[in-house]
Amino acid sequence: MTGGAIRMAYDGVVACAPVTVPYRRFSINTAHWWIARALDGLRRAAGLEPSQIDGLVLSSFTLGPDTAVGVTQHLGLSPRWLDHVPMGGASGVVGLRRAARAVQCGDARFVACVAGDTNHVDSFRKTLSTFSRFAQDAVYPYGAGGANASFALITKNYMNKYGARREDFGKICIAQRQNALAVPFAMMKKPLTLDDYMTARPICDPLHLFDCVMPCAGAEAFLVCRDDDAKALAIPAVRLLATIERHNAFADDPVQERGGWAMDAGELWRMAGVTPDRIDIVETYDDYPVVVMMQFEDLGFCKKGEGPDFVRSHSFTTDGDFPHNTCGGQLSMGQAGAAGGYLGLTEAMRQLTGRPIGRPAAKAELALVSGFGMINYDRGLSSGAAILARAS
Amino acid sequence: MASDLLRLVQRVAQGSIRVVDLTQTLTQEFPVITLPPELGQCAPFRIEEVSRYDERGPAWYWNNITVGEHCGTHFDAPIHWISGKDLPHNSVDTIPPAKFIAPASVIDCSRECAADPEFMLTVPFVEAWEKRHGRIAAGEWVLLRTDWSKKSYADYAGLTEEGAHTPGPAPEVVRWLVEERDVHGFGTETIGTDYGQAQHFNPPYPAHFYMHGKGRYGLQCLTNLDQLPPKGAVILAAPLKIKQGSGSPLRVLALVEEAASPPPSRRASRGRGISTGRSR
Amino acid sequence: MTEPLARPKRKNPLRRTRQPLLPQSVRSRTAHGLTAAAAQGRFELQRCVDCAAVFYPPRDACPRCLSPRVPFVPVDDRGTLAVETTIHASTDPYFRERMPWRVGLVRLDCGPVVLAHLHGDAREGDRVRLDLKLDKGGAPVLVALPAKDTPHMTDDRQLREMTCDPKFRRVLITDGRNSVGQAMAKAFSDAGAAIVFVGVADAWKPFAGQEMLRKLAGVEIVPLDLTDTESVTELAEQNGARTDIIVNTAEHVRPGGILQRHGLTVAREEMDVRYFGLMRLAQAFGPAMRSRGADGVNSATAFVNLLSVYALMNWPAYGAYSATEAACLSAAQCLRAELRPGGVKVLNVFFGPLDTEWFQTVPPPKVAPEALARAVVQALQRGLEDVFVGDIAEEVRARLSVNPKALERELAG
């Protein structure tokens, strides 16, 4: 399923200067503050003056009433190219794609890709209740379980249909926790046992506490520019081999059991010119482990329905046979709003450039990063994926 | 040298002239005349607080009231009835004020009424009363003591499917009082001056028909008539000065020479009907 | 199997009364199409006029053909409960104190997959029927019920949050002197109300049906005169904290329009009994009811107005009466907004001419007081907001949606 036309490669474009502003469970600061911290980290990492940043792509849930435009004045930027990507967990991949084309076409030279959200004591509830018109009309009034309830239904349906067991999801969570133990500022600092996982308090059947990400405040950023500019600045960078993006795929599936990746994975691999077995590191979007399992299937690491077996037959720690969510993912780092959609990208960039915040993977030449977001009604609508390569 | 008026006031102050309140308290529950529902109805007494030292009026308490002219203890002017509609000075605002002060003969038929709630006052009964207490003089109120004011509301109204069953005057005695005794007016303890079933008399409602037809007055829903002597009490009954008013609720007072009156029997106040004590 | 509701214990006077909370009731303007259907007990979703696609959640264009012609219409309410979950944790204060709470995805036979509240007897994989209800906040929600009625199903904990079932509740019928009030007392007594207080004004005036009323199980006659502020206040002082449902049966029906009427005496009376009576009742009882919307299984739950359907369009033969009823309808709308924060519903029951004395000269069809009473109880059991009882009321409702002007002209005769 290619779109028909041959897509142009991302020649000469790189991503670099990954920034993660350490997350906090609750913050009394605003989204603007978090975004400013990420931008400041970015320009220091890249050695740029703010005036040199001529492109900005921004994602945030808690910026209201501002958008990216307001942020330019708030933070004293004057970009000639600006994008606001309100796509939650898909924001990182989508922002990267947008920025890459802008740089490639010369519309901008240094595009800062930034996502940041605060988490006030009550902001999560407020975000849930007004997340979307469908959420307001047809989801939140139904027990107000939030994304937990939506994914509980998706998880239960997946278990019914494909025989996944709670232990399988537990295995994913436990491996990620193990990866996170090496990250000094991970939200979850204690090892997770299967017993802990199985006996944790129920949230929405069949989801229990450790199936759910913990909302927190945080920010992420990276820079997209030409490879010669990165070289001139002497910052390590990664190449962009391929990307995909899809919204509202498979609308007729009664209950979501696959994401847009299943529609576009073929194109992703073709464009990258590699096969799944060549990938060294996989950073999936992990708001709930069932989504991870779906990504393994939909991105081509196994067939639909083989997710449970795939999980049973691999180990997902950074030193395992399928290094996955190598810094612990959101399940262990926390979900910093839209920044959660950036975490896989910044982590992959760090692994590929040999500067991980946690443990390094044994081999880090090629990485796959995927994003997923926007539970508009009963399912996640936006999906994306990117394949990154260590710059030679 | 004290004038008669000043002497009167002094005696009132000393208590040798007693002031008896013949008025029922105006309350919402007190029965009013009930007519067939397709006819116009007398508005019952209603009270609506305007403010009570609160945000509606911080330092004062007052009420708005609504009330029909023929509600509670009230006065009937001649204009009230069709037979008196064309008389001069027939409305409460045009009645000469001197008419609001007059002596009373109080006919006690409380024993008879206790035995028969449909006791009817007749000429022979009044003649017998005159033999004991003296002739009813011209210009006197005739007040009918029935002790009806002591009854529960249900018994007071005395309503059945046939209408009210309460004591009152026969047609002849009303005409006789007007024509033979030239009385000032007729007063009762019941809801109206007429007998309960007076709609079946000829003429219907004779107390209204004859009294008002001859320019005489009515008082109804009186109380404390048991504290008046048969003769000698002076009634002060001045209705509100309502433009072309047919009557009005009013305060009715009786002046009684102490020596001439029976010892006052303090009536225990008691709750009535289904209504329990009001806190306000 | 639904566990039958146990008669609530006496309230512990040492415990604080739980304050009412509401589920989120904000809806998009389009979603209020569901509110309109739910208020009257219809199951409606949007169906595209052009391609016949049925869809949900509410949208402003057809997701299949982009047509803007997407009205709410009655659709097949049957489906299959595809998957369910029990929510144990919620960020929402209302649901938080009602955990656990079951919801599920229902695949409707007519097409869409909907997220719905689940009745306890609807289980994953079951055939179910969907109902549109107004939740505690008066907002429309979908509820999946078992395909066939099950024993005690109205006692279901989640369902009872969305209904105003009189069972074990304390009811005040405001006027027991008329046949409607008496029929209402009987209907609520039969429906399992814990106690039915029946107001009687001017008890010194005998009235037909008095003996029957006194003999009804669970009925307690109380003095109440809606034209007397103090009488209403006094009853509220005694009973306000234990009145869960009010049914205002006070009526004042007199024929005649405006020109035939000689003066305002009758008009004042009807306004006093009906419009001011409603205000007195609401002012005296409303605040306590609004604060008791979450007071256990016998929480305060509904204020019922009986309204002539001519409140919606004047019938000049009873023109002044119609105008008074219209005033009451408007007041009821205000009251509905004011009671909503407490989770107390205002039920408006519209009826045509009743089979009572004051409509003696009006030809049938007429509504028997007993039929009106049954309709009120059923509407409360279903948690409705607007109900039309009898053929005339139904006709007026239908005609208002087609051509109100024609109705106005023809009612004028």
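Observations on the structure shown:
- Sorted by Cβ neighbour density within 10 Å, fewest at the top, the residues B:Glu130, C:Glu385: B:Glu130, C:Glu385
- DSSP bridge analysis restricted to the protein assembly as shown gives an antiparallel fraction near 65%, rounded to the nearest 5.
- Fraction of alpha-carbon pairs over 27 Å apart in chain A - percent: 43 percent
- Among B:Arg111, C:Arg170, C:Arg157, sorting on how many other beta-carbon atoms sit within 10 Å of each Cβ, with the fewest leading, yields B:Arg111, C:Arg157, C:Arg170.
- Region A:40-86: C-alpha pair distances exceeding 16 Å, %: 39 percent
- Dividing the mean sequence gap of close Cα pairs (under 8 Å, 6+ apart) by how many residues region C:135-235 holds gives a relative contact order of 22 percent.
- Stokes-Einstein diffusion for region C:32-160 at 10 °C, viscosity 1.306 mPa s, with a Kirkwood radius from C-alpha pairs, works out to 104 µm²/s.
- Rg(Cα) / (2.2 N^0.38 Å) computed for region A:1-112, rounded to two decimals: 1.13
- Kirkwood hydrodynamic radius (C-alpha pairs) into Stokes-Einstein, region C:202-260, 37 °C and 0.692 mPa s, D in µm²/s: 231 µm²/s
- Value of relative contact order over chain A, rounded to a whole percent, pairs C-alpha under 8 Å and six or more apart: 27 percent
- Pairs beyond 32 Å (Cα-Cα), from A:Lys126/A:Lys189; C:Lys186/C:Lys405; B:Lys231/C:Lys205; C:Lys11/C:Lys148; C:Lys9/C:Lys215; A:Lys161/C:Lys136: C:Lys186/C:Lys405; B:Lys231/C:Lys205; C:Lys11/C:Lys148; A:Lys161/C:Lys136
- Per principal axis, descending, Cα span of region C:170-411 in whole Å: 49, 39, 30
- Taking region B:42-201 and dividing mean pair separation by its residue count, relative contact order in percent (alpha carbons under 8 Å, at least six apart): 19 percent
- Overall Cα dimensions of chain B - principal axes, largest extent first, Å: 63, 61, 41
- Per-residue [θ]222 nm for the protein assembly as shown (sum of -39500 (n - 2.57) over DSSP H runs n ≥ 4, rounded to 500): -8500 deg cm²/dmol
- Phi to ³J(HN,Hα) by Karplus 6.51 cos²θ - 1.76 cosθ + 1.60 over region A:76-85, Hz, x for Gly, Pro: x, 9, 9, x, 9, 9, 9, 9, 10, 10
- Exposure proxy shown here: for B:His70, B:His89, C:His32, the number of other Cβ atoms within 10 Å sets the order, fewest to most, as B:His89, C:His32, B:His70.
- The ellipsoid equivalent to the alpha-carbon distribution of the protein assembly as shown has semi-axes of 86, 29, 25 angstrom, derived from the gyration tensor eigenvalues as √(5λ) and listed largest first.
- Projected over every direction and averaged, the convex hull enclosing the alpha-carbon atoms of region A:168-297 yields 11.0 nm².
- Panel note: the C-alpha atoms of region B:9-147, placed on their principal axes, show extents of 63, 52, 40 Å (largest first).
- Ignoring lysines fewer than eight residues from A:Lys156 along the same chain, the ones with Cα atoms less than 22 angstrom from its Cα are A:Lys171, A:Lys303, A:Lys304.
- With R₀ fixed at 41 Å, the C-beta to C-beta distance from A:Glu267 to C:Ala147 puts the FRET efficiency at about 0.35.
- Between A:Ala249, A:Ala221, A:Ala115, the residue with the greatest mean-square fluctuation in the GNM of chain A (Cα pairs under 10 Å linked by springs) is A:Ala249.
We did not get these values from a lab; they are worked out from the coordinates using the rules stated. Quick caveat: nothing in here was measured; it's all calculated off a predicted structure. Virtual Cβ from ideal backbone geometry, glycine too; neighbours counted across all protein chains shown.
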